[in-house]
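Presented below is the structure to which this report refers.
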Amino acid sequence: MGAHSCFSNRQRKNWRLPFLIAIFGISVLVPLKVHAHPSPNSILLLDVSSDRVVLEAHIPLPELALVLGDEIQRTPDVLTERFSSVLHAYFLEHVHAYVDKNHPWGVAIKQMSMDKGRYIDSNISYYEVVVQFVLLPNSGEGTRSFTLQYDAVMHQVVNHVALISIRRDWEAGIIHADTTKDVSVIGWNLSNNSIPPLQVTLDAGSWWKGIASMLGLGMQHIKEGTDHLLFLLTLLLSAPLTVKSRRWGNYGGLRYSLFNLLKVVSAFTIGHSLTLLVGALGWMHIPSQPVEILIAFSILISAVHAFRPVFAGKEIYIAMGFGLIHGLAFASILTDLNLDTGQMIWSILGFNIGIELMQIFVIVMTVPWLILLSRTPYYSGVRMGGAGFAVIASLAWIFERVSGTSAFISLMIEKFADNAAYGIGLLAIISLIVHFLNRPKVNVV
């Protein structure tokens, strides 16, 4: 007896084409006004690497209950714990993969959890079971062409379908949501009363595509990572300045400014590169919430230092120390990609290069204007204003990440970050005007 027969209040339904036609005819001839939602579909997401395929299935709980019984809907929050063995057995019975049908791939369940989807007509939420399967090909078989046989729920619920997408395919350069590729649909074929398996055939990939996509992902992450850039730029606000009587003094000269800049940026790079490597390879794992809180705290510390030299001359240690924290956040992005070891090593390299390229670009676009302004009396206002902005942003992010609720101020900060290019342009114009107005006058005799 299959695992899905464990609930006695449900019986297997043997749908047949004539019965479906009859039901359809009645529904057309005798229209009824009902208040029901369209049946939600299952979503299948494939993460393809060279030695395995990870299949993540999002299965609506109301649909699964039509097969396993209403009992599973009573305490959905703990469903995967209460019925763990039943669900494991059921799902493993209905997911298969192979190149040669006589030699099926190994299939294992990596994890199960609960999430929520929404009905498309009303936006009302429903629970869904999220199951991650690991499909392991046989020796000598690849992952770019195989057959997927999947019929969970739909083997009894005839109007249920599964929508399939390639979420990640490293060798094809598909590694984030913007590049997700829709593949097909699995469902009943009423002409022959069967659920045909899906032939998955992927275009030839290359490691160069994978590395290039990771480089782009690194650049994109820093571009969108307002908190990472704000920490670094806030720490650089004081780089051109000397310290006098435990306060920030005057401009220390171009060589002095560039040397301080190089020290801080290099220390931050070394710090985040180390933990990116360690975290991405799975040698260290820290939950994301404390990491994100510490990142916001690092911005607060750098802002306080910009107000007054708290650790003058020791910026290199602060940059490296907090760089270690930022690197853990970078690593969490790579660990979600389900890559094999070889792909992960090259991904770390490409991702890190992308991070550095975008950091260099932002620094080149902003720091020259800060150095130019630091030679004038007006830089104190710029430094204090930048530090004040960083304090507000960091406190908003700390509140948001501790409480789990969105802060209005952080939304405003994100909108400001979206228009950062205009801010940099304005900074450049102001710097040039102030520098021109404060040039020493030359008396002509």
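Readers should treat all values here as calculations from the given coordinates under stated rules, not as data from a laboratory. None of these values were measured; they are calculated from a predicted model. Note that each Cβ is placed from the backbone with ideal geometry, even for glycine, and that neighbours are counted across all protein chains shown.
Overview of results
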| item | result |
| --- | --- |
| Kirkwood Rh (inverse of mean 1/r, distinct Cα pairs), the stretch 96-196, angstrom | 16.1 |
| Cut-off under 5 Å, modelled amide H: who pairs with V183 long-range | I164, S165, I166 |
| Segments 285-294, 382-391 sorted - mean Cβ within 10 Å per residue, highest first | 382-391, 285-294 |
| Exposure proxy order (Cβ contacts within 10 Å, fewest to most) of R168, R74 | R74, R168 |
| Distant-in-sequence amide H partners of G173 (H built 1.01 Å from N, under 5 Å) | G210 |
| Ratio of the Cα radius of gyration of the chain to 2.2 N^0.38 Å, where N counts its residues | 1.28 |
| Mean Cβ count within 10 Å, highest first, over the residues of peptides 126-138, 396-408 | 126-138, 396-408 |
| Axial C-alpha extent at least 24 Å, average Kyte-Doolittle at least 1.0 - helices from the chain (DSSP) | 254-280, 288-307, 315-335, 341-374, 420-437 |
| Amide H within-cut-off set for T147, under 5 Å, with H built and near neighbours excluded | Y98, V99, V200 |
